[in-house]
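The values are calculated or read from the model by the stated rules, or taken from the named source; none is laboratory data. Since the model is a prediction, treat every value here as computed from it, not as a measurement. Here Cβ is always computed from backbone atoms with ideal geometry, including for glycine, and neighbour counts include all displayed protein chains. Areas reflect the complete protein model, heavy atoms only, side chains present, ligands, DNA and RNA absent. Shrake-Rupley method; radii C 1.70, N 1.55, O 1.52, S 1.80 Å.
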Amino acid sequence: MALYLLRRLMQSGFVLVAMSLLVFLGVYAVGDPIEILISPDADQIEKERAIRALGLDLPLWQQYLVFVGKALQGDLGRSFVFNEPAIQLILQRMPATLELAFGSMFLSILIGLPLGLYAGLRPNRALSKGIMAGSILGFSLPTFWVGLMLIMVFAVQLGWLPSTGRGDTALLFGIPWSFLTLDGLSHILLPAINLSLFKISLVIRLTRAGVRETMLMDYVKFARAKGLSPFRVTFVHVFKNIMIPVVTVVGLELGGTIAFSVVTESVFAWPGMGKLIIDSINVLDRPVIVAYLMMIVLMFIIINLAVDILYTVLDPRVRLEAKA
């Protein structure tokens, strides 16, 4: 396991370096922030002074080397707009995005797994067919429209839940979290539901397909022939074997949810990283954009590593193949 982790860490380091180059070149090749940040009435001398102050007078390759040198020290640059460390701005918004992403994934597992299991075990029931039809809606409906409808129904018409903001927070390890207060939970519920609809549908379909395939396996038939109870057959012999594809997709979807929750955060005015990156793109705040993308890359690497480790827990054959 130690050798496997060391090899994966080396691969992750290579990926991180390659992505830093691609991200830096991609962001710095688009637009000129000076044209946005400096007043149109400024003369050429003021523009040149601003260019030197922001380090944009250096060649692109030299800017990248400066960026890498500072990044190794934990400095991803200073925001052009806020004049604060970019990583500090990202970390201030990260808890809001993380709790929204984990909340949506929790709902997708809590709702999707039981519904998928039922649809797989009782495929001909009317309820199972209704579940599968509902999963199609979850794939098809656009996120922004569903968010607006949730606000119209539960916030405007019924008045049950708030529609915007994060609500009251409580500190845990010095970090403010909404889910620790009732007001915060009421604020997070609608955006979490909106963000989880696609994932619920995905988990339902993956679980149902896994159950239908696994129920035809010889070891399941043998377990039934031994007289094991349906509960034991389902949750000991079937459930564990369908979890590998579910864990894979949920892990990847978690990274995607963290990275691409921009629409939901915009609709519900959720103060997370998504709203910050949209504002930064509008003003070409390059250090914040690069810092955000690098943080997302790092999260994907960590999540993929965690998923691979979970493989070894769920399926011992993965460990045997690694030794071979």
**Message:** With a 10 Å cut-off between alpha carbons and a GNM built on the chain, which of ILE281, ILE175, ILE87 moves the most?
**Reply:** ILE175
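Under the 0.36 nm per residue contour assumption, what length would be gained going from the current alpha-carbon distance of LEU110 and LEU72 to full extension?
Length gained, LEU110 through LEU72: 9.7 nm.
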**Complete:** Given the candidates GLN92, PRO162, LEU189, the one whose Cα lies deepest towards the positive end of the charge dipole of the chain, counting +1 at each Lys or Arg C-beta and -1 at each Asp or Glu C-beta, is LEU189
**Message:** Full-extension gain between LEU216 and THR164, please, as 0.36 nm times their residue separation minus the C-alpha to C-alpha distance.
**Reply:** 13.9 nm
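To the nearest 20 Debye, how big is the dipole of the chain about its Cα centre, given +1 on the beta carbon of each Lys and Arg and -1 on that of each Asp and Glu?
2100 debye
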**Item:** Area accessible to solvent at ASP218, 1.4 Å probe radius, in Å²
**Value:** 120 Å²
**Asked** Which trypsin sites (Lys or Arg not before Pro) in region 192-281 pass both tests, a DSSP loop state and at most 13 other beta-carbon atoms within 10 Å?
**Response** LYS226
**Request:** Using a Förster distance of 30 angstrom, determine the FRET efficiency expected from the C-beta separation of ALA306 and LEU25, and round it to 0.05.
**Result:** 0.55
**Asked** Using alpha carbon centroids, what distance separates region 240-303 and region 90-121, in Å?
**Response** 14 Å
**Request:** Just grab the label-to-label distance for PHE231 and ILE175, each label 7 Å out from Cα along the Cβ direction, in nm (one decimal).
**Result:** 3.8 nm
**Request:** Work out the FRET efficiency for LEU137 and GLN88 from their Cβ-Cβ distance, taking R0 = 45 Å, and round it to the nearest 0.05.
**Result:** 0.65
**Prompt:** Along region 6-19, what does the Karplus equation 6.51 cos²θ - 1.76 cosθ + 1.60 (θ = phi - 60°) give for ³J(HN,Hα), rounded to whole Hz, x for Gly and Pro?
**Reply:** 5, 5, 5, 5, 5, 4, 5, x, 5, 4, 5, 5, 4, 5
**Prompt:** Quick one, which of [x] 114; [y] 163; [z] 184 is the actual volume of the Cα convex hull per residue in Å³ calculated for this model?
**Reply:** [z]
**Item:** Two-site FRET efficiency, LEU127 against ASP183, from Cβ-Cβ distance with R₀ of 25 Å, rounded to 0.05
**Value:** 0.10
**Request:** Write down the accessible area per residue of the chain in Å², having rolled a 1.4 Å probe over the full set of protein chains.
**Result:** 55 Å²
**Item:** Contour excess over end-to-end distance, with Cα ends at VAL15 and PHE102 and 0.36 nm allotted per residue
**Value:** 28.8 nm
**Asked** Can you give the Rg and Dmax of region 68-161 based on its C-alpha atoms, in angstrom?
**Response** 21.1, 61
